[in-house]
Amino acid sequence: MSSETNLMYVDGHWVEADSGKHFEVKNPANGEVVGTAPSGGWAEARRAVVAAARAFPAWAALPAKERCNLLLHVGYEMQARKEQLARLVTLEEGKPLAEAEAEVLYAAEFLTWSAEEAKRVPGEMIPASVANKRILVLRQPIGVVAAITPWNFPFAMITRKIGPALAAGCTVVVKPAEQTPLSAMALFRLFEEAGFPAGAVNLVTGDPAEIGKEFLSNPQVRKLSFTGSTEVGKLLMRGAAEQVKRLSLELGGHAPFIVFEDADLDRAVDGLVACKFRNAGQTCICANRVFVQEPVFNAFSAKLADKVRLLKVGNGLEPGVQLGPLIDEPALAKVRAHVDDAVRKGAKALCGGRPRLDGDFGKGHFFEPTVLTNVNTEMKIAVEETFGPVAPLIPFRSEEEVLAKANNTPYGLAAYFYTRDASRLFRVMEKLEYGIVGANDPAPAVPQAPFGGYKESGLGREGGRYALEEYVEIKNVSIAI
Ligand code: NAP
């Protein structure tokens, strides 16, 4: 694959950074350079914000149906070009092609779903307490939205933010992760082709701290929507206080996955494999702590290890590969450190447990799909997000005990449980302190449903009609007649 130079998209033009410098984008499967992106900073971000602010009044005033049609166009083009776009995701992010294609379709649906929803941002009239007054409530687009996104879903994390923002009538400036700017650029080419007005959608790449600081300090940015680590989310939240800037935060998770003794074990094993090993365990909602009730612990562990051993690891472009590389060297080092720490403290690897360094694997950042038993809460893996293909199994006795353990974390993004008892299903679903709960379902994140976390996992919701609410201001107009 030859490397290609790509550009930022500001005010309807493809532009270089002022410095003329670029950074390299590498394939995590083999370290090859697959492209470059401009090393922008605060000045480029400021120009993008100015362009978005200039474009805002006309974009907000467009009839919702016209905004809808433009968004639909991009969504349909993504669907039509799914193979080409998926290849880009695999090249820069590493996930297997089939998963990348599923991501492209999932990402497209955030545009098509939001597009339809653009038509449903109604106001209301509230009965007044006196005869000569009328109270109107307007929902108006908030203004310029800045979005900062992570690398693990290079298309979906962008469309999940800007689909509803654009639908609501906001204009946007996006800063994608440094590992995956090429997918973002491909997406913005589709916005350009669709005929979005200059300045409505802008893309800047480069220095995250400088660009983030510009977003926070520029009063023309009315809202910042961030997906990424809790650490950076907290930093941005502190910075947003200065201008009381509107914030949406989608941060880290530490999802419990609970298997009760009455569960359909085969279904639970398949669910865990799907939930835990998708994207090599690099999703914010993937299972991090697997609690299995004692009577079925051994049977479940054995069935799980049998399935996990069969997962095919490799370059995501190769046919049949189910598990790609981790995104970079620090990610691989973190997974290794978590597994080594657990093993040192008494955990046992039923399968996997080491990086893959043999042959061509050594050029990338591969870790063997791993199942650990004898895990306890003294181990890092039981308290910190691992972001890798490791399933740590922890036995439990009672429902009460497991709920206390599952909720004993500052995170509250996603939780899963398997049971065939209908009463338990309701009890457990209600008591889990998580924004997303999969009950016998490993895949609860869909475009029409709310997505977001309790506690330190974030603020606000993306997905469905809840997402548009995050991009409007509510105005009370009291009219005396
Ligand atoms: P990260 O380091 O926080 O990076 C996310 C984004 O923030 C990137 O675009 C990054 O830019 C940027 N960034 C870094 N430092 C910044 C700063 N000082 N100011 C402004 N922006 C800054 O997170 P990550 O490691 O890439 O992503 C993994 C994390 O995201 C995990 O914790 C995962 O759980 C979370 N996540 C959450 C969700 C959710 O919906 N809740 C979804 C996906 C991922 P550079 O790339 O240029 O450094």
- Query: Pairs under 8 Å by beta carbon, first residue of a type in the set (Gly, Ala, Ser) in the range 115-129, partner open to solvent by 100 Å² or more (accessible area, probe 1.4 Å), six or more apart or different chains?
  - Reply: 118/65
- Message: Looking only at the range 175-205, count every residue that is more than 15 Å from the ligand (Cβ to nearest atom), open to solvent by 10 Å² or more (accessible area, probe 1.4 Å) and more than 19 Å from residue 75 (Cβ to Cβ) and tell me the total.
- Response: 1
- Message: Checking residue 46 against (1) outside any helix (DSSP H, G or I); (2) open to solvent by 10 Å² or more (accessible area, probe 1.4 Å); (3) in contact with an Asp or Glu (Cβ under 6 Å, 6 or more places away or on another chain), only one condition comes out false. Which one?
- Response: (1)
- Note on the structure: Being within 29 Å of residue 106 (Cα to Cα), within 19 Å of the chain's Cα centre (by Cα) and aliphatic (A, V, I, L, M) narrows 445, 391 down to just 445
- Item | Cβ-Cβ under 6 Å pairs, at least 6 apart or on other chains, the range 169-190 side among the charged types (D, E, K, R), far side within 13 Å of the ligand (Cβ to nearest atom) | 175/148; 175/204; 175/211
- Message: Looking at the range 214-232, can you tell me whether even one residue there is free of Cβ contacts under 8 Å to residues at least 24 places away in the same chain and more than 8 Å from the ligand (Cβ to nearest atom)?
- Response: no
- Task: Scan the range 462-479 for residues that are at negative phi and not in a helix (DSSP H, G or I) and jot them down.
- Result: 462, 470, 471, 472, 473, 474, 475, 476, 477, 478, 479
- Query: Within the group 149, 171, 112, which residue is hydroxyl-bearing (Ser, Thr, Tyr) and within 16 Å of the ligand (Cβ to nearest atom)?
  - Reply: 149
- Have a look at 445, 406 and point out the one that is in a loop (DSSP other than H, G, I, E, B) and in contact (Cβ under 8 Å) with a residue 60 or more places away in the chain. 445
- Task: Determine if the range 386-396 includes at least one residue that is closer than 28 Å to residue 325 by Cα, among the polar types (S, T, N, Q) and either more than 13 Å from the ligand (Cβ to nearest atom) or in contact with a helix residue (DSSP H, G or I) (Cβ under 7 Å, 6 or more places away or on another chain) (or both).
- Result: yes
- Item | Subset of the range 410-438 [of a type in the set (Lys, Arg) and in a helix (DSSP H, G or I)] | 424, 427, 431
- Expected single match for in the same structural domain as residue 86 (by TED's automatic domain parsing), open to solvent by less than 10 Å² (accessible area, probe 1.4 Å), more than 22 Å from residue 85 (Cβ to Cβ) and outside any loop (DSSP other than H, G, I, E, B) among 137, 145, 172 is 145
- Task: Inspect the range 260-273 for any residue being out of contact with any His (no Cβ under 9 Å at 6 or more places or on another chain), among the β-branched types (Val, Ile, Thr) and open to solvent by less than 10 Å² (accessible area, probe 1.4 Å) and give the result as yes or no.
- Result: yes
- Does residue 280 count as among the small types (Gly, Ala, Ser) and open to solvent by less than 10 Å² (accessible area, probe 1.4 Å)? yes
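The values are calculated or read from the model by the stated rules, or taken from the named source; none is laboratory data. On a predicted model such as this, the values are computed, not experimentally measured, just so you know. Methodologically, a virtual Cβ is constructed for each residue, glycine included, from the backbone with ideal geometry; neighbour enumeration extends over all protein chains shown. Side chains included, ligands, DNA and RNA excluded: accessible areas come from the protein's heavy atoms. Shrake-Rupley method; radii C 1.70, N 1.55, O 1.52, S 1.80 Å.
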